[in-house]
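A.B. asks: Dumping the structure here so I can ask a few things about it.
Bear in mind that the values in this text are calculations on the coordinates, not laboratory data. Keep in mind that this is a model prediction, so the values were computed, not measured. All Cβ positions, glycine included, derive from the backbone under ideal geometry; neighbour counts span all protein chains shown.
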Amino acid sequence: MTPIRVMIVDDDPAECSLLEASMRAQGFAASAVTSAEAALELLLSSDFDVVVTDLNMKAMSGIQLCEHLVAAHPDVAVVLV
């Protein structure tokens, strides 16, 4: 069975590392990035089933990221934290 692919987006690198390690320990294929812009760039080359994003980030908020994701990747589930 293919593991669920999860992208973690948070501008706090420590939080990214913690969530990524925790999700991998649970069997998810997790990748973390520290900005919404990096998330959008990664989505150009990689597929994900779920994006877990922080709500409050510096350059682009989690809400703005969600708007971009829904428009470009409507099949990807988004969880705001």
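A.B. asks: Hey, what do the phi angles of region 75-81 turn into as Karplus ³J(HN,Hα) couplings, whole Hz, using 6.51/-1.76/1.60 and θ = phi - 60°, x for Gly and Pro?
C.D. replies: Running phi through 6.51 cos²θ - 1.76 cosθ + 1.60 with θ = phi - 60° gives 8, 8, 6, 10, 10, 8, 10 Hz.
A.B. asks: Toward the positive end of the charge dipole of region 16-81, about the Cα centre and with charges on Cβ (Lys, Arg +1; Asp, Glu -1), which of Ser31, Met60, Cys16 goes farthest?
C.D. replies: Positive-most Cα among the choices belongs to Cys16.
A.B. asks: Ok, one more. About the Cα centre of region 2-81, how large is the charge dipole given +1 on each Lys and Arg Cβ and -1 on each Asp and Glu Cβ? Please answer in debye to the nearest 20.
C.D. replies: About 160 debye.
A.B. asks: Subtract the Cα-Cα distance of Ser46 and Val79 from 0.36 nm times their separation in residues, and report this length gain in nm to one decimal.
C.D. replies: 10.1 nm
A.B. asks: Tell me which residues come under 5 Å, amide H to amide H, from Ser35 once H is placed; ignore anything under 5 positions away on its chain.
C.D. replies: For Ser35, whose amide H was placed from the backbone, the distant partners under 5 Å are Asp10.
A.B. asks: What share of Cα pairs, in percent, lie more than 21 angstrom apart in the chain?
C.D. replies: Counting pairs separated by more than 21 Å, the tail of P(r) holds 19 percent.
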